[in-house]
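The values are calculated or read from the model by the stated rules, or taken from the named source; none is laboratory data. The shown structure was predicted, so the numbers you read here are calculated from the model rather than taken from an experiment. For neighbour counting, all protein chains shown are included, and Cβ atoms are generated from backbone atoms with ideal geometry for every residue, glycine included.
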2 protein chains.
Amino acid sequence: MSEYTVVGQKLPRVDAVEKVTGAAQYGADVHPAGMLYGKIVRSKHAHANILSIDTSEAEKLPGVRAIITQDDVPSGRRVFATDKVLYLGEPLAAVAATDPDIAEEAAELIKIEYEVLPVVQDVMEAIKSSAPRLHSDETKEGPNRRDISAKIKELSRDEADGNSTAIRKLEAELENYADEVYYNISAESHTEAGDVEKGFAESDIVVEDTYVIPRVHQTYMEPHVSVASADSSGKITVWASTQGPFAIRSGIAGTLGIPLTQINVIGTTMGGGFGGRFGVIITHVPAVLLSQKAGRPVRVQMTREEEFLDGRPAPGCVIKLKTGATKDGHILARQALAFWDSGSVSGASIGSTIRVRGVYKIPNIKIDAYGVHTNKSGTAAYRAPGAPQAIFAGESQLDDIAEQIGMDPVKFRLMNMREEGDTVPAGGSEPEVGYKETLEAVADAAGWWNREADKNQGWGVAVGDWTNGCGPGGVYVSVHEDGSARIFHGSMDITGTDTAITQIIAEILTIPYKNVTIRRGDTDSAPYSTGSGGSVVTFTMGNTAKLAAEDARRRILELAAERLNTNVDDLELRDGAVHIITVDPPKSISLGELAAYSLSTTGGPIVGKGSFARQPSTPALAAQIAKVEVDPDTGRTRVLKLVASQDVGFAINPMAVEGQIEGGTVQGYAWAMMEEMQYGENGNVNPGFVDYRVPTSADLPTVESVIVEVPAPNGPYGAKGVGEPPITPTLATMANAVNDAIGVRITELPIKPEKVVDALKNNGHGA
Amino acid sequence: MSEYTVVGQKLPRVDAVEKVTGAAQYGADVHPAGMLYGKIVRSKHAHANILSIDTSEAEKLPGVRAIITQDDVPSGRRVFATDKVLYLGEPLAAVAATDPDIAEEAAELIKIEYEVLPVVQDVMEAIKSSAPRLHSDETKEGPNRRDISAKIKELSRDEADGNSTAIRKLEAELENYADEVYYNISAESHTEAGDVEKGFAESDIVVEDTYVIPRVHQTYMEPHVSVASADSSGKITVWASTQGPFAIRSGIAGTLGIPLTQINVIGTTMGGGFGGRFGVIITHVPAVLLSQKAGRPVRVQMTREEEFLDGRPAPGCVIKLKTGATKDGHILARQALAFWDSGSVSGASIGSTIRVRGVYKIPNIKIDAYGVHTNKSGTAAYRAPGAPQAIFAGESQLDDIAEQIGMDPVKFRLMNMREEGDTVPAGGSEPEVGYKETLEAVADAAGWWNREADKNQGWGVAVGDWTNGCGPGGVYVSVHEDGSARIFHGSMDITGTDTAITQIIAEILTIPYKNVTIRRGDTDSAPYSTGSGGSVVTFTMGNTAKLAAEDARRRILELAAERLNTNVDDLELRDGAVHIITVDPPKSISLGELAAYSLSTTGGPIVGKGSFARQPSTPALAAQIAKVEVDPDTGRTRVLKLVASQDVGFAINPMAVEGQIEGGTVQGYAWAMMEEMQYGENGNVNPGFVDYRVPTSADLPTVESVIVEVPAPNGPYGAKGVGEPPITPTLATMANAVNDAIGVRITELPIKPEKVVDALKNNGHGA
């Protein structure tokens, strides 16, 4: 039996009722009196010089209250394009009107003259010297660019056996690039340990492949929406559907050059985020500028089409990966060269290329990663940013090695996995980690060791590692006169984190879960909180909540000692009351009585404060096994079984943890099998859920979750962040299962039926 | 020069811009989507049995969404009358409709059958055995009731020289009452010290009079308004124009029998309160019940007429007062018998009758006070509840004694005033008090000692004492990355208290006042705060804010020590930065840098917590002098000079303190000269500002304020509550000035022109 009464329990979510009844207030539900409707005017070309923007006709339209362009940004920080557009849908202006239709009509009336430029959409095209350059100020043509040639040469393949025409063409082209000087490079990242040349030389087998992972959208249900209201004192209120209200606040302050105290950000209930709702995104600043100009509140809300054109999706990438191993299964070296599609701006998760290392003992590592500009919107985080892409390459290739040396893929992984005390690539040694336990747990649960497969059926396994982030947070706790408690904080709920915080407070105050309410404040009222992403919330806010509850408990015991005329040392808080443990019969006083008493004592009401920012996190592993059946005629893959284990440290709410494991696994499945942003030559993209397919409940069997608990020393009750790990291995799990079923190694996602059929044809495999 | 840089300064109010631009959100500005309009159905008789309430016709009216009566109150606690109404305008039902006109029409369609009962409006009539009894369960006819007869006999007058027909009649009647058994008594209060019989016997002169003070309304600009929204989970949100959101929360919880956690009260900007916005008043519970029944938000807003019929004004009273003194001016005994008009319910400020003691050394005291039921609405607090009434009697009579013994009224008061170390009637001895300093200050400022008066001109002086209350409070302070700070708390701003709290935080954090913002939370988010009344806010919340800022300062110094690699003892917080005082050249780090640093350290964001509830307060005196000119033909009194001094302990914001002194003095002037709720025989009242006159800026010269600062040991920076004292002496000041001008002692307020003319006729005085 658990030593705890509230944490560790499968309790219903605190926001369950408001979510299911529709009472929860999303961004689109915000409608301050006098609100106007904003519309962003977007580029109709993916690459063009802007010759002129003429708003005069639009201004004449009755009902139009404000039109803004970059000229209306006092700080001069780029909000709208002026001289040049870099992707189709890039914002050029914005309109606010009394009616959404008028706003749309006005947007159409704004005349923009373009000088159309050549478009580049493919990272491998974009780095060529012949490619159109997106940023004219890109002058660094020095050693780094030439380096790319050298790296491509290092990774030259002996034979071009890629399993699709596109991949084979890519491989061939990479050879040709070797003497080029590269352009459109937005960022780079290099990591090296040991000596890969030596490692490959000592290897019995060297496997090499090029992996192509498409750009995918976070496909949160609620499109971006902001409502801004600037009052006559200059105070700005922004209702934002965001993962990080405090980041929005500093982002707006920075962009507009105004003090933090003049901005209040109210986070509305999020209709999904998954990393796509961080920082100052798209709608916030135009809403503020329009409200300032119109003198009325303005809502700017994106359509689904705008989401696909101008959201900040996960970057696609091309990863060339080479691994060397001994014939008895020891991995000796791994080298990667990655080109990440960062779109029109810098960024993309290029640093995550290091995830190809996995949790394995690999003595020699060399990783070179580049961000590449293309005529697309910028990218942002998506659940374990960059990890699913890198791990897809790494874990796919591990299976190919296991196959070549004739070793069971699970045993091969277990043999190479690091354990407590092993050297960690980033430095230091591993703490107590649950890598092997987690992989063994999924293998046991899935029936791996006795697995059976009919014709065209196969099993795939993969693991993905991730370490939760950590950030600053503050929590206040108050105890009421009826013995109930209230939490006040500023972090956005990200699918259950409010519930976990509530459980922790109830646990420490020894009161029923239902007697604790949680309330989120805006940035003007709540203490600073880090953004809700990077799996930080339960770790950071859980620790913060513990500190706050412990602070309240100190005051409770102090009050009780005063009231019961005894010492704090003789007291125990239990079952919602303080008991004197040294007297018989026992004497006690309830929390409600103490809270009432506190209102008339010098020390005042019972309020606890927690403030926290940083403690080292501990890595977590997600391991998954899929059993699939592939129809060789149609190429369609059906998932027969999908089991996901994860080391969560400690499951504060096992039901919520299972929800995270299921959700992440399904998103990984979708990326593997169907999701893909497809850009046309003119820069257009599949802009809705008809052309951009996401899974439905009919696509998948129930994901079986297996919770492993290897406590994190600094996590609350040992908890690790659980949100991100489950998406990381699924891409490779699916590819490995398909390969096991029909002997086709798909290296370019998604594993669409037509691609499977093509691959079967090209490799001679068949039904 | 002051040792402080922010407190003690005349800084503009934090809410100045929102108030003057109309941006402040008052109750009537709250309009949630789908809101219905509520209307309270009120009794058309002042005293009647209810035979039936028929809502059927009203229910049929299109647009009506809910109708409630007492049957809809699940707890059974009285919200509406069912069997009997006790005053005209008493709530019987309420309606919610889609439009205010429909709600009003529906209210008219509700058919109520009455059996009309005799009405009693006058307290002296109500106590007679022949009077109609309001509460049939009033069975206590025992010793207390007979006691009243004895008390009246004790206070029998030698001669009936009252200066108005009404007073003379009252005096005569009181004699006749002596053998009666009394009824309609709602409450009683008795205080005795020494031996008044002996005191009177030893006195050279004994003065006796009966004072009649009318019921007056607080006349806040904003009528009562509540908006309630009950959601599907049962959670209730109430937007209330209130002085005490936490009291509203517990009031609603108690009335409806639901947990505190299910109610959130949001205090909207108050359009004046003055004591009339405490507790659960009138509109809140009907709004909640209507919203629960209709399933939509409901606003219930009173008209000005409803305010007069069913507000909770200040009680009127009849005070029979007798004072004995030696011929050289020592007061030996004072006895009072008071009947307070509590209307239909219990209460009225009967305990304040003890204020007739004043701040004088009076060895023998006897005070008997009764609350009396009449067919009027209940009463509530109004700025120093009960004190203006009692002090009017006490200070008027002091002047009569001074006149009889030929002593200067200021000197007479100074001679009898208590000072530090003197015994206090309530027990213990006086701390350091500023009674004499305050009276001397006003005398000096007004030019009392060289005062001149033309014909029909006169000077009046009076003093009033009051001690601020104290209550629980909580304050949180955060420091931002740009070095600014933010206060979060739950107490309502009562004309400048937010400004005072802001100054205190700025002072302690050593940052500019403009860099501190203050934000009020609702009861779901803010720590518990006592109601904003009883002059408690600056005392309680000021102390709480100090604790919070000091807590933040501790964390700031800790962080700086960590960051600068030194000890806290070597550090000083000054000018918004922490400086190492032990090194040369000095080294420092700004608050902004420390706040940014805090986001990445174990300890987390800079947040300070203050929790406070109780420290003894120190009494404060208000002293006022008026110079008037009375036109004997018209009876009109013109104020030529009005000077008000007040011991405020320490003026945290002298401009705000002056505002309080001016406001209180003007309200006292209004009560003295013009305000009066006049009830007709059928229970009707003068229901608007045409018939109920309040002063305009044309009625008065500028009130000259004189700030006296005798620090309160437990006040923040020595501050005492300043809101209530200034209203206390003005009623007597005006009466004493009129008496000095034309030799007419008005004992029944207000001092209306016609009353002055009558009095002049009756006493033979004239122009």
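Of A:A58, A:A106, A:A81, A:A66, all but one fail to be over 30 Å from A:I652 (Cα atoms), assigned to a loop (DSSP other than H, G, I, E, B) and in contact with a helix residue (DSSP H, G or I) (Cβ under 8 Å, 6 or more places away or on another chain); the exception is A:A81. Considering (1) closer than 30 Å to B:A103 by Cα; (2) outside any loop (DSSP other than H, G, I, E, B), the lone condition that B:R334 does not fulfil carries the number (1).
Out of region B:452-479, which residues are farther than 30 Å from B:I354 by Cβ and either free of Cβ contacts under 8 Å to residues at least 24 places away in the same chain or not assigned by TED's automatic domain parsing to the domain that holds B:D522 (or both)? B:E452, B:A453, B:D454, B:K455, B:N456, B:Q457, listed by residue number.
Comparison of B:D408, B:D399 shows that the only residue that is crowded, with 17+ Cβ neighbours inside 10 Å and among the charged types (D, E, K, R) is B:D399. A:R277 meets the conditions (1) at pLDDT 95 or above; (2) closer than 27 Å to A:P388 by Cβ; (3) of a type in the set (D, E, K, R) in every case but one. The failed one is (1). Considering B:T544, B:T523, B:T566, the condition of being within 12 Å of chain A (Cβ to nearest Cβ) and assigned to a loop (DSSP other than H, G, I, E, B) is satisfied by B:T523 alone. Considering region B:229-278, the residues that are part of a loop (DSSP other than H, G, I, E, B), within 13 Å of another protein chain (Cβ to nearest Cβ) and of a type in the set (D, E, K, R) include one that is farthest from B:P297 (Cα to Cα), namely B:K235. Summed over region B:439-476, the residues that are among the charged types (D, E, K, R) and more than 23 Å from B:N416 (Cβ to Cβ) give a count of 3. For region A:10-41, the set of residues classified as β-branched (V, I, T) and either surrounded by 13 or more Cβ atoms within 10 Å (Cβ to Cβ) or within 30 Å of A:E90 (Cα to Cα) (or both) consists of A:V14, A:V17, A:V30, A:I40, A:V41, listed by residue number. Does A:I556 satisfy the criteria of being in contact with a strand residue (DSSP E or B) (Cβ under 7 Å, 6 or more places away or on another chain), under 30 Å from A:P713 (Cβ atoms) and part of a helix (DSSP H, G or I)? Yes, satisfied. Pairing each residue of region A:75-94 that is polar (S, T, N, Q) with any residue that is assigned to a loop (DSSP other than H, G, I, E, B), provided the two are 6+ apart or on different chains, yields C-beta distances under 7 Å for A:S75/A:G257. The numbered conditions (1) away from chain A (no Cβ under 14 Å); (2) on the phi > 0 side of the Ramachandran plot; (3) not hydroxyl-bearing (S, T, Y) are all true for B:I50 except (2). For first residues located in region A:726-744 and at positive phi, partners that are modelled with pLDDT under 95 and outside any helix (DSSP H, G or I) and lie 6+ apart or on another chain with Cβ distances below 9 Å form the pairs A:G743/A:H765. When we screen A:S342, A:S241, A:S291 for residues that are modelled with pLDDT of 95 or more, among the small types (G, A, S), in contact with a Ser or Thr (Cβ under 7 Å, 6 or more places away or on another chain) and surrounded by 24 or more Cβ atoms within 10 Å (Cβ to Cβ), the only hit is A:S291.
Residues in region A:23-56 that are under 26 Å from the mean Cα position of the chain (by Cα) and small (G, A, S): 3 in all.
Answer yes or no as to whether B:R636 is within 14 Å of another protein chain (Cβ to nearest Cβ), surrounded by fewer than 24 Cβ atoms within 10 Å (Cβ to Cβ) and not polar (S, T, N, Q). When the stated conditions are applied, B:R636 does not pass them.
Checking each residue in region A:323-339 for being among the charged types (D, E, K, R) and crowded, with 24+ Cβ neighbours inside 10 Å picks out only A:R334. Each residue in region B:424-451 was checked for being surrounded by fewer than 16 Cβ atoms within 10 Å (Cβ to Cβ), of a type in the set (V, I, T) and touching a residue at least 60 places away in the same chain (Cβ under 8 Å), and 0 pass.
Give me a count of the residues in region A:569-586 that are in a helix (DSSP H, G or I) and in contact with a strand residue (DSSP E or B) (Cβ under 9 Å, 6 or more places away or on another chain). Steps first, please.
Let us first name the residues in region A:569-586 that are in a helix (DSSP H, G or I), namely A:569-570.
Those left that are additionally in contact with a strand residue (DSSP E or B) (Cβ under 9 Å, 6 or more places away or on another chain): A:570.
Count: 1.
Residues that are closer than 22 Å to A:V479 by Cβ and either part of a helix (DSSP H, G or I) or over 24 Å from the mean Cα position of the chain (by Cα) (or both) within region B:486-509 comprise B:I487, B:F488, listed in sequence order. Being surrounded by fewer than 24 Cβ atoms within 10 Å (Cβ to Cβ) and over 28 Å from A:G683 (Cβ atoms) is a property that A:D368 lacks. Within region A:577-625, the set of residues being within 14 Å of another protein chain (Cβ to nearest Cβ), within 23 Å of A:K546 (Cβ to Cβ) and free of Cβ contacts under 8 Å to residues at least 12 places away in the same chain comprises A:G604 only. Taking the numbered list (1) more than 30 Å from B:Y692 (Cβ to Cβ); (2) outside any loop (DSSP other than H, G, I, E, B) in turn, B:R296 passes all entries but (2).
Restricted to region B:213-228, and to residues that are in a loop (DSSP other than H, G, I, E, B) and under 30 Å from B:G22 (Cβ atoms), which residue is farthest from the other protein chains (Cβ to nearest Cβ)?
B:H217
Of the residues making up region B:486-502, not a single one is in contact with a helix residue (DSSP H, G or I) (Cβ under 8 Å, 6 or more places away or on another chain), among the charged types (D, E, K, R), more than 22 Å from A:G604 (Cα to Cα) and facing chain A (nearest Cβ under 9 Å).
Residues checked against (1) within 27 Å of the chain's Cα centre (by Cα); (2) assigned to a strand (DSSP E or B); (3) closer than 30 Å to B:G483 by Cα; (4) not charged (D, E, K, R):
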| site | (1), (2), (3), (4) |
| --- | --- |
| B:S617 | yes, no, no, yes |
| B:I625 | yes, yes, no, yes |
| B:S645 | yes, yes, no, yes |
| B:M655 | yes, no, yes, yes |
| B:G664 | yes, no, no, yes |
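Please enumerate the residues belonging to region B:692-714 that are assigned to a loop (DSSP other than H, G, I, E, B) and in contact with a helix residue (DSSP H, G or I) (Cβ under 9 Å, 6 or more places away or on another chain).
Residues of region B:692-714 assigned to a loop (DSSP other than H, G, I, E, B): B:692-696, B:700-703, B:709-714.
Residues satisfying the conditions are B:Y692, B:R693, B:V694, B:P695, B:L700, B:T702, B:V703, B:E709, B:V710, B:P711, B:A712, B:N714.
Results for (1) closer than 14 Å to B:Y360 by Cβ; (2) not hydrophobic (A, V, I, L, M, F, W, C), shown as yes or no for each residue.
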residue: B:L414; (1), (2): yes, no
residue: B:V442; (1), (2): no, no
residue: B:C470; (1), (2): no, no
residue: B:G474; (1), (2): no, yes
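For A:P512, the stated conditions hold: it is on the phi < 0 side of the Ramachandran plot and more than 31 Å from the chain's Cα centre (by Cα).
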